[in-house]
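Structure, as structure tokens:
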């Protein structure tokens, strides 16, 4: 898998190693029956390093003339608000439902 380049909203792009920054949650959407045939796609992804830092990023693409896509991304400190970052990415790519699905895909928290 190797290196992944991620565009951030308010900072320079970052490169992470897929092995040390695995995906812990994601959600995607596309119009149509098959993703490979879609005119529009959206995705929100969360990768997390073992030290607790996370990178939340997403995008919206469109093949329709005159319709622009969008990208967003944030680096979240180990003690940062991961949920808020996911919601913000969802808002910036125009899909808050997708952000909610990504939040629901996060690892379960055991309550005692």
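A few comments on the model shown:
- Flag for residue 35 being modelled with pLDDT under 95 and over 15 Å from residue 9 (Cβ atoms): yes
- Answer residue from the range 10-21, given it is in a loop (DSSP other than H, G, I, E, B) and exposed (fewer than 13 other Cβ atoms within 10 Å of the Cβ) and is modelled with the lowest pLDDT among those: 10
- Here residue 4 passes the criteria (1) part of a strand (DSSP E or B); (2) within 21 Å of residue 91 (Cβ to Cβ); (3) free of Cβ contacts under 8 Å to residues at least 60 places away in the same chain except the one numbered (2).
- Those residues of the range 52-66 which are in contact with a strand residue (DSSP E or B) (Cβ under 8 Å, 6 or more places away or on another chain) and either loosely packed, with under 14 Cβ neighbours inside 10 Å or in a helix (DSSP H, G or I) (or both), in sequence order: 63, 64
- Hits in the range 32-51 - residues which are touching a strand residue (DSSP E or B) at 6+ places or on another chain (Cβ under 7 Å) and surrounded by 13 or more Cβ atoms within 10 Å (Cβ to Cβ): 38, 40, 41, 42, 43, 44, 45, 46, 47, 48
- Residues located in the range 60-82, provided they are in contact with a helix residue (DSSP H, G or I) (Cβ under 6 Å, 6 or more places away or on another chain) and closer than 21 Å to residue 29 by Cβ: 60, 70, 72, 74
- Flag not set for residue 80, criterion: within 18 Å of residue 16 (Cα to Cα), in contact with a strand residue (DSSP E or B) (Cβ under 8 Å, 6 or more places away or on another chain) and surrounded by 11 or more Cβ atoms within 10 Å (Cβ to Cβ).
The values are calculated or read from the model by the stated rules, or taken from the named source; none is laboratory data. None of these values were measured; they are calculated from a predicted model. With ideal geometry, Cβ positions are generated from the backbone for all residues, glycine too; neighbour counts draw on all protein chains shown.
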